[in-house]
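**Q** What follows is a single structure, and I will ask about it in a moment.
Coordinate-derived values only; no laboratory data. The shown structure was predicted, so the numbers you read here are calculated from the model rather than taken from an experiment. Cβ coordinates were reconstructed from backbone atoms using ideal geometry, including for glycine residues, and neighbour counts include every protein chain displayed.
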Amino acid sequence: MNTATTAPSTAPTGRRKATSSGLVERLTVRWQAMAPRERRAVSVAAWVIGLALLWWVLLGPAINTLRKAPSQHAALDAQLAQMQSMAASVEQLREQNSAPIPSRGAAQSSLTQATGPLGATAQINVQGDRAILTLRGTAPEALALWLNQVRVNARLVPVSAQLDLRGSPEGWHGQITVAGPGLGSTTP
């Protein structure tokens, strides 16, 4: 029977110890050979290099992060507020779209009611599953209100628009075509 066991090799570890202790011995001998003035200069240089490394590796990045934190925090707060606003808008749209689709008569009634405040600057004409609003100097704010009322109450959305200002300060001229399930359209 072979009872010989192999011992784990300690040569690499021993070499490392020998190499590092040899390096330490050489540095110690060199240090002892220096004049006191040279030792002081080398010590000061080592401290300066050590402090610079400490600054660049540990303190500099941490201080830089602390300096940037308030502006990043404000930017993230603004982004959060914008996302919350968008989420509220989505929720509002979901609630509006959860209402049943109005009948054709109810949609036409909503169109007429929404067009009334526009007065002589607008005329609505229902043709099949679409409604065409003709504008003659309609104020932008009034048009925005009309679009919102038609979207919410009649469930109609614009499918085409031909608008211009014609150089007049009074408002929009042209036509907007709206369609939706309220007028029987399956695809607005």
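**Q** Just the residues that are of a type in the set (Val, Ile, Thr) and surrounded by 11 or more Cβ atoms within 10 Å (Cβ to Cβ), please, taken from region 39-55.
**A** Correct list: 42 only.
**Q** Still on this model: Which ones in region 124-156 are assigned to a strand (DSSP E or B) and either surrounded by 14 or more Cβ atoms within 10 Å (Cβ to Cβ) or in contact with a helix residue (DSSP H, G or I) (Cβ under 6 Å, 6 or more places away or on another chain) (or both)?
**A** Hits for region 124-156 are 124, 126, 130, 131, 132, 133, 134, 135, 136, 137, 138.
**Q** For region 159-184, what are the residues that are free of Cβ contacts under 8 Å to residues at least 24 places away in the same chain and either under 29 Å from residue 100 (Cβ atoms) or in contact with a Ser or Thr (Cβ under 6 Å, 6 or more places away or on another chain) (or both)?
**A** Residues satisfying the conditions are 160, 161.
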